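Trainee: I have a structure I would like to understand better, so I am pasting it below and will then ask my questions one at a time.
Just so it is clear, none of the values below were taken in a lab; they were calculated from the coordinates. It should be emphasised that the depicted structure is a prediction, and the values quoted were computed from it without experimental measurement. Don't worry about glycine lacking a Cβ; one is built from the backbone with ideal geometry, like all the others, and counts go over all protein chains shown.
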Amino acid sequence: MEQHPKVGIIMGSDSDLSVMQAASDILKEFGVPHEVTIVSAHRTPARMMEYALSAKDRGLSVIIAGAGGAAHLPGMVASYTTLPVIGVPVKSSNSIDGWDSVLSILQMPNGVPVATVALNAAKNAGILAAQILATSDDELSQKLIDYKLKMKNEVEEKAERVEKRIG
């Protein structure tokens, strides 16, 4: 039986998919059901509003919103929902080294928070979404513990190889 999505991954354009795919991939690795779609704050504002307003009723618990350039999508979605919104600044073709996207998402006014990850860091957004969900899901919490332990072990193995090679 397929579970209802817990995380919504949205982006302003299909050109953002190459970045946003990493959020979907890590959520799949953790077994977190999610949905992925395109919702443009500027080209489909009514679709964006409907997505944000219906998200909680549809069973979503977290929204990951990726956007480049002016990057209004995460903030506008956050203005329509009480769900946590994680913004992923995307370096797009019309971007100024990505800083415009970073600052557009990061500099939200008081009362409308958006968690912001690094430029193109959709994988971190997926991990953060899983961590939010894990506060009430022991099985997911254990998967995150295992994931961090695996990262630790990989670094220690690499350190050992480097030390043997150089020492």
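Trainee: Please report the relative contact order for the chain, taking Cα pairs under 8 Å with a sequence separation of at least 6, and give it as a percent rounded to a whole number.
Mentor: 22 percent.
Trainee: Nearest 20 debye, what's the magnitude of the dipole of the chain about its Cα centre given +1 on Lys and Arg Cβ and -1 on Asp and Glu Cβ?
Mentor: 200
Trainee: For the charge dipole of the stretch 1-134, defined by +1 on Lys and Arg C-beta atoms and -1 on Asp and Glu C-beta atoms about the Cα centroid, which residue among VAL90, LEU106, GLY126 has the Cα displaced farthest towards the positive pole?
Mentor: So the residue we want is LEU106.
Trainee: In addition: Can you bin the stretch 1-80 into rounded, prolate or oblate? Criterion: square roots of the alpha carbon gyration tensor eigenvalues sorted a ≥ b ≥ c, rounded for a/c under 1.5, prolate for a/b above b/c, oblate for the rest.
Mentor: Because a/c hits 1.5 or more and a/b fails to exceed b/c, the stretch 1-80 counts as oblate.
Trainee: Which entry in (1) -0.29, -1.38; (2) -0.33, -1.23; (3) -0.36, -1.25 is this structure's computed log10 I(q)/I(0) by the Debye sum over Cα atoms at q = 0.09, 0.20 Å⁻¹?
Mentor: Correct label, based on the coordinates given: (2).
Trainee: Choose one answer from MET76, MET48, MET151: the residue with the largest mean-square fluctuation in a GNM of the chain with alpha-carbon springs under 10 Å.
Mentor: Highest fluctuation of the listed residues: MET151.
Trainee: Mind running the shape call on the stretch 67-142? Use the C-alpha gyration tensor, a ≥ b ≥ c as the square roots of the eigenvalues: rounded below 1.5 for a/c, prolate if a/b tops b/c, oblate otherwise.
Mentor: Here the stretch 67-142 falls in the oblate category.
Trainee: Sticking with this one: In straight Cα distance, which lysines are under 27 Å from LYS158, not counting same-chain residues fewer than 8 positions off?
Mentor: LYS28, LYS123, LYS143, LYS148, LYS150
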